[in-house]
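Student: Let me begin by handing over the structure; questions about it come next.
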Amino acid sequence: MKVLLTTGIYPPEIGGPATFIPRFAQFLMEHSIDVEVLTFQSPLPDINPMGNWEVHYIKPSSIKALRFWRIFRWLISSGRKFDAIFANGMHEEIGISKLLMKTRAVAKIVGDPVWERATNSGLTKKDIDSFNLTPPARPRLKLQRLLLKFSLNRYSEVTAPSTTLVSQIKRWGVCKNVTYIPNGVEVKTPPERTKKVDLVAVSRIVKWKQLDLLIRSIEGTDLKFRIIGDGPELESLKVLSRELNVQIEFCGQRSNLEIDELLLESSVFVQASSYEGQSFSLLKAMSLGIPSIVSPIKANLAVIEIGESGMVFNDMHPTQIRKDLIALLSNQELLSRLSAGARKRAVEHFDEQKNFQKYLDLILDK
């Protein structure tokens, strides 16, 4: 059997799909399935060469129609050789190409791309839940929603890593079966931790990750904060950190192995996102036994048990975040309990091998 995996981001970039796709590809190959990957060419140097599968790169473009055409043309010319397509990105292009292809296709939806585009372009200031309560009013967003709905209804199966997202996808008008499959991480025994910094975040640097709140929260403290990742908001965060004279180490893009090493040097994992499908970074930190404190959004509350395997900020304001961080870092008993609880919960509920098998069953139509 031959399966095509598609993703908008791929190592050396950081993000959920860039973490998921290589590991899922390895899982499929270990189950005697031939794999190829279709993704966008990254402007970053290839610091993280992956496994023994072929990767096809599509030249990105800021013009969506041109980007769409390049992917569609590749799929029509080369996609028929695959028995199945698993899409962790490029969902619309694959859905439209399905009009000319009979290939079985499974979609993994990790967020609302219409809301993301609207947020990035300044067309909305609503959070994802508010945005999804009513159909988009702007013609541009309405057209994007219709295209996404039409495309997803061409798939054989649709999956999402949170029950909230499952409900939202159905609200878009998707009539296909939508299956909840949580994200997972490798749960091998982690090495010893050597603490060098107080706080660490691993993230695409985009607006809804709200890293600026975390930076503002450590103003006037001697807390050391490490940010791993890249994105359009990076330069503005660097300017903010200089203005506030805070101790921040911007690590940029790193390989998965380097990320593990940097996490193990940190006391607490922090995340202030206003939205997450289900955070790979949070799951990774938990699997390594790193205590975490995160925003009180539904996706995070579905992962951690407050006081046992993680904590949440009492209020998403820099002053309160600062109080919560200082209180947590000064409570060694709580940190120890969270470390053990996080590791235990990751092993019991978010083992990637178990969840990979669920995706494979959908691909095989079992």
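Student: Please identify the pairs in which a residue from the stretch 2-28 that is over 20 Å from Arg67 (Cα atoms) and open to solvent by 10 Å² or more (accessible area, probe 1.4 Å) has its Cβ atom under 9 Å from the Cβ atom of a residue that is of a type in the set (Asp, Glu) and assigned to a loop (DSSP other than H, G, I, E, B), counting only partners at least 6 apart or on another chain.
Tutor: Partner pairs satisfying both residue conditions: Lys2/Asp83; Ile14/Asp230; Gly16/Glu276; Arg23/Glu186.
Student: Something else now. Exactly one condition in (1) open to solvent by 20 Å² or more (accessible area, probe 1.4 Å); (2) of a type in the set (Ser, Thr, Tyr); (3) under 21 Å from Val187 (Cα atoms); (4) under 20 Å from the mean Cα position of the chain (by Cα) is false for Ser292; which is it?
Tutor: (1)
Student: Filter the helices (runs of 4 or more DSSP H) completely within the stretch 167-284 down to those with at least 3 residues that are of a type in the set (S, T, N, Q) and open to solvent by less than 20 Å² (accessible area, probe 1.4 Å).
Tutor: Helices (runs of 4 or more DSSP H) meeting the threshold: none at all.
Student: Look at the stretch 321-360 and say how many of its residues are open to solvent by 50 Å² or more (accessible area, probe 1.4 Å) and not basic (Lys, Arg).
Tutor: Of the residues in that region, 13 qualify.
Student: Still on this model: From the set of residues in the stretch 62-79 that are open to solvent by 50 Å² or more (accessible area, probe 1.4 Å) and of a type in the set (S, T, N, Q), which is nearest to Leu4 (Cα to Cα)?
Tutor: Out of the qualifying residues, it is Ser77.
Student: Return the residue satisfying two criteria in turn: it lies in the stretch 295-315 and is farther than 22 Å from Ile326 by Cβ and not in a loop (DSSP other than H, G, I, E, B), and of such residues it is least open to solvent (accessible area, probe 1.4 Å).
Tutor: Ala299
Student: Also, I was wondering about something else. Against the condition in contact with a helix residue (DSSP H, G or I) (Cβ under 7 Å, 6 or more places away or on another chain), of a type outside the set (Asp, Glu) and under 23 Å from Phe280 (Cβ atoms), how does Trp208 come out, does it pass?
Tutor: Details: in contact with a helix residue (DSSP H, G or I) (Cβ under 7 Å, 6 or more places away or on another chain): yes; of a type outside the set (Asp, Glu): yes; under 23 Å from Phe280 (Cβ atoms): yes.
Yes; evaluated as a whole, the condition is true for this residue.
Student: Within the stretch 86-136, how many residues turn out to be over 20 Å from the mean Cα position of the chain (by Cα) and surrounded by 21 or more Cβ atoms within 10 Å (Cβ to Cβ)?
Tutor: The number of residues fulfilling the criteria is 5.
The values are calculated or read from the model by the stated rules, or taken from the named source; none is laboratory data. Just so it is clear, the model here is predicted, and its values are computed rather than measured. Heads up, the Cβs are rebuilt from the backbone with ideal geometry, glycines too, and the neighbour counts pull from every protein chain shown. For accessibility, only protein heavy atoms count, side chains too; no ligands or nucleic acids. Shrake-Rupley method; radii C 1.70, N 1.55, O 1.52, S 1.80 Å.
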